[in-house]
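S.K.: Supplied in structure tokens, the structure appears directly below.
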Amino acid sequence: MKLDGMHHITMITGDAERNVEFYADVLGLRLVKQTVNFDAPEAYHLYFGDEAGSPGSILTWFEFAGAHRGRPGAGMIHTIQLGVASENSLDFWAERLAARGYASERGGRAMSFEDYDGLRFALVVADDGNPPLRAWHPEVPAEHAILGVEGARAYVARGAEADRDLLTGALGFEQAGDGEYRLTGDTRRFRWGYDTTSQRGFSGAGTVHHIAWHSRDEDHVAWQERVAQAGMQVTPVIDRDYFLSIYFRQPQGILFEIATTSPGFAVDEDPDRLGEALRLPKQHEHLRPMLERHLTPLTNPRIAVRQEA
Ligand code: ZN
């Protein structure tokens, strides 16, 4: 039984309109779902990814409108690594970001930048073992498109060894040195790194809420048992409409989720029209009139592109 790399990473933003503008336009990802937070239905939950919304490409945000910026500290992810095909692509992205008013910094085979909330990213040349998970955007040539999430780095207070047993024992990561672990699944790989800090963080706009690892559907209950056997307080299986999930806070304080492949984002929308209309969890459907008045209207840029075509 293996985890197949990462499923999605979820963040907090203070501004859903800028979120769609930055990720679906500047970075050229596809907005694959507009929905609301299960536990706080007055807040958007927006999902971005490749054309199909494949696990491994998914970045999601809870919008808490007007939220103040947070700061990553111990127990929080501080940088997300996105894959591109080559070092030439780093030049393309440096220019595109600059043209939209975002600074970037080149360091060897990587380039770093921050989004409008101060969330930090690194573009890296993608691992050969990761099949490309591209979205299509009219201004981003396919050879430069973002190819999925390659890795993430988190701040920890107790060093990279403190959760080694959980990672390498129960979850099947391998230790790669330099505070880094690798997760090698059947179809995707992921780099998971730690930097030690004593700084306390606080959640808010531009911070990461949790990371989800990808389980085969048939293994999900077995993962729940294995995580419990490893001494973690794990939740029951929760139906998130687009996948099933379990959650636990691992020993460094980072919230981990394990999510299934199915049913995926096409379960309630035509695959050609993903993310174009507000979809509500069944239990919140009765709130639609109130939510449609209250939530900032968002336009998936894909609608305009299709109308021009
Ligand atoms: Zn999640």
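S.K.: State the three equivalent ellipsoid semi-axes of the range 160-309, derived from the C-alpha gyration tensor as the square roots of 5 times its eigenvalues, in descending order and whole Å. Can you show the working numbers first?
M.R.: Working: eigenvalues 228, 73, 63 Å².
Each semi-axis is the square root of five times an eigenvalue, giving 34, 19, 18 Å.
S.K.: Which values, in whole Å and largest first, are the semi-axes of the equivalent ellipsoid of the range 38-86 obtained as the square root of 5 times each eigenvalue of the Cα gyration tensor? Provide the component values of the computation, followed by the final result.
M.R.: Working: eigenvalues 108, 69, 18 Å².
Its equivalent ellipsoid spans semi-axes of 23, 19, 9 Å.
S.K.: Can you show me the helix-derived [θ] at 222 nm for the chain, built from DSSP H runs with n ≥ 4 at -39,500 (n - 2.57) apiece and divided by the number of residues, rounded to the nearest 500. Intermediate results must be reported in sequence, preceding the final value.
M.R.: Working: 5 runs with 43 residues, N = 309.
The per-residue figure over the chain is -4000 deg cm²/dmol.
S.K.: As an exercise, take the mean of 1/r over every pair of distinct alpha carbons in the range 1-70, invert it, and state the Kirkwood radius in angstroms. Walk me through the intermediate numbers first.
M.R.: Details: mean 1/r = 0.0796 Å⁻¹.
That comes to 12.6 Å for the range 1-70.
S.K.: Related question: Rounded to whole Å, give me the distance from the Cα center of the range 169-199 to that of the range 230-257.
M.R.: Value for the Cα centre distance between the two parts: 18 Å.
S.K.: Can I ask one more? Tell me the label-point distance for the pair Ser198, Lys2, using the 7 Å Cα-to-Cβ offset, in nm and rounded to one decimal.
M.R.: With each label point 7 Å from Cα toward Cβ, the separation is 4.1 nm.
S.K.: Give me the one-decimal nm value for the distance between modelled label points at Ala40 and Asp268, 7 Å along each residue's Cα-to-Cβ direction.
M.R.: Those two pseudo-labels are separated by 1.9 nm.
S.K.: Considering the Cα trace of the range 6-308, what is its radius of gyration and what is Dmax, both in angstroms?
M.R.: Reported Rg and Dmax, both Å: 18.4, 55.
S.K.: What are the radius of gyration and Dmax of the range 68-162, computed over its Cα atoms and given in Å?
M.R.: Answer for the range 68-162, Rg first and Dmax second: 14.4, 45 Å.
Rule-based calculations on the coordinates, nothing more; no lab input. Just so we're clear, the structure is a prediction, and the values are computed from it rather than from any experiment. Please note: Cβ atoms are built from the backbone with ideal geometry, for glycine as well, and neighbour counts cover all protein chains shown.
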